[in-house]
1. Just the Kirkwood number for the chain, please: inverse of mean 1/r across all distinct Cα pairs, in Å, one decimal.
2. So, for the chain, what is the accessible surface per residue at a probe of 1.4 Å, expressed in square angstrom?
3. If N is the number of residues in the range 322-471, what value comes out of its Cα radius of gyration divided by 2.2 N^0.38 Å?
4. How much of the accessible area of the chain, in percent, comes from carbon and sulfur atoms when a 1.4 Å probe is used?
5. Just to confirm the number: angle between the C-alpha axis of helix 456-471 and the first principal axis of the chain, 0 to 90 degrees, nearest 10?
6. Hey, how many Å between the Cα centroid of the range 209-235 and the Cα centroid of the range 348-415?
7. Treating only the Cβ atoms of Lys and Arg (+1) and Asp and Glu (-1) as charged, compute the dipole magnitude of the range 537-637 about its Cα centre; round to the nearest 20 debye.
8. Take the Cα of Leu57, step 7 Å along the line toward its Cβ, and report every residue of the range 118-148 whose backbone nitrogen sits under 20 Å from that point.
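The values are calculated or read from the model by the stated rules, or taken from the named source; none is laboratory data. Quick caveat: nothing in here was measured; it's all calculated off a predicted structure. Reconstructed Cβ throughout: ideal geometry from the backbone, glycine too, with neighbour counts over all protein chains shown. Heavy atoms of the whole protein, side chains included, go into the accessibility calculation; ligands, DNA and RNA do not. Shrake-Rupley method; radii C 1.70, N 1.55, O 1.52, S 1.80 Å.
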Amino acid sequence: MRRYHERTRTQVEAVRKRAQLRAVRDALVAENAATEDVDRLLEKADAEVDSETTALLESWDELAEQYRGDELVFRVRDKEIRTSLWRDTLSGSRIPRVALPRYTEPGELLSFLRREHLPGYFPFTAGVFPFKREGEDPARMFAGEGDAFRTNRRFKYLSSDSEAKRLSTAFDSVTLYGWDPDTRPDIYGKVGTSGVSIATLDDMKALYDGFDLTAPTTSVSMTINGPAPTILAFFLNTAIDQRMDAFREEHGREPTEEEAAELRAWTLRQVRGTVQADILKEDQGQNTCIFSTEFSLRMMSDIQEWFIANEVRNFYSVSISGYHIAEAGANPITQLAFTLANGFTYVESYLARGMHIDDFAPNLSFFFSNGMDAEYSVLGRVARRIWAVAMRDRYGANERSQKLKYHVQTSGRSLHAQEMSFNDIRTTLQALCALYDNANSLHTNAYDEAITTPTESSVRRALAIQMIINKEWGLSKNENPLQGSFVIDELTDLVEEAVLTEFERITERGGVLGAMETGYQRGKIQDESMLYERLKHDGSLPIVGVNMFRSPHPEDDEVEVELARATEDEKQSQLRRLADFHERHRDEAQRALARLREAAAGGENVFGVLMDAARVCSLGQITHAFFEVGGQYRRNV
């Protein structure tokens, strides 16, 4: 990264020197003076400008002219897209969707092109796509409570007015730790609380009932890590079975073996979404590790290898997550540095398995928190630039692999129980940061999440925040509002250098895995969390309604909040459904589990076998089979 910037500086100087010599030469020619000495210097200056710089500068005038037109035509995955370049205000002003720099000096222009460029152009600082998607806001519909039927109803409520169904799923702690619902006291009370209970393929089918999982407007995100391979297998089987059912309904018969194979392959090529599956950040910040780190990394590689073999191109095999690192207490720089370092660790792990960079890098996605600190304004810009340069210059990756795509969720830690209504203001500002920075998708937290799972009304308000910014906020007509800002440029450089310095600290400790063995990441997160809490409590860090501008009549602000919990009926229903599933698949499950253990112990790709086992085995059965061959997680002390 630093070499890239040094190259930028030398090329900027070379271009400036050449421009100055050309100006001197033109002046001498105008006076009919001798130019031999200047010509010799100009020839030397020309040689110092490399071919990449020449191509960038030569292409700019044509590109800028295209952006000044009324319409631009570009291609995404061999599909031609036409987009209008201007939007009108009520006052009749024409706002450019992408504003162009006004540089006339070639050195300044080259610096912009190498450090920023327009959205959709390397190094993708301003965004990985030329324009935001028309007709599909980046909002995600986040839900998860009770059983699959209740969460399904919430999904339908949240997406009822949106053509795009971008469903984001929260799972209860029983599911997160890979267990089945049970009457055990330490399990029963957690079933369906603070997330949805999913234990079988039948549950997964009920969860997404009524949503076409292969539609280009449907995308599903699943927030799960330890047992992510099993949950992913449930989901992909659900999508496949949807297509099989649609075939039966349309043709009135069972598909032939060839037709079934084609339906399965087509479904896997079409399905869109993300599974979190980031086991490194679990160890560092969230704690839902269930298998040994070695076995979890192997399973992640197995999934990606299976994705490549089955041409799963639209589904992200991992969401490399900084959000939970931030929620555990990390500041924005540490969040970004640890997350990118984890991402590069996965890259090295997959390369070591023999996968080609361009076969798997497009299946990697990222997930960040947006809080109130200044650095959050440039988090995406810095991440995209570091990733793009590393992918191109270190790994030789193609353009698609260079594009870092990420989801933002507004900060949960910034929500406070005191004067809860103020939380919507914080969330609005954080959402604005994310949208200005061209985040690829966004979830806005509800104001009452400080104390409970959000209600229907609070979720509606949270979703309205995004809709008002996207539909009503005037500056949203432009899609690169941060470019050209002096403070944004300064912050971008400051944060990037701080991240690179943190990379060096991690490298000194043996890389991400070596640092984890000494507890480096956890210790740093804890230190930063303690600093935040100390400053909050002594008032050095002002938080309105919490440690300043406190209500003189707090009793007037008290509201009755509905605490969302799974009902007794939902818990009992889950237990009955699970028992029925076990009974129906009793013999098949034992054979499938034996095959699963054999594959795991024998070094086969386990995910392919897991896809079959997930049809007849419950989550808990699969988890315990993996415990036998992969080992349970034990934290380093």
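1. 26.7
2. Ligands and nucleic acids excluded, the result is 45 Å² per residue.
3. After normalising by residue count via 2.2 N^0.38 Å, the value is 1.15.
4. That fraction is 50 percent.
5. Taking Cα atoms only, the helix is inclined about 20 degrees.
6. So the separation of the two Cα centres works out to 21 Å.
7. For the range 537-637, the charge dipole is close to 860 debye.
8. Residues 118, 122-123 fall inside that zone.
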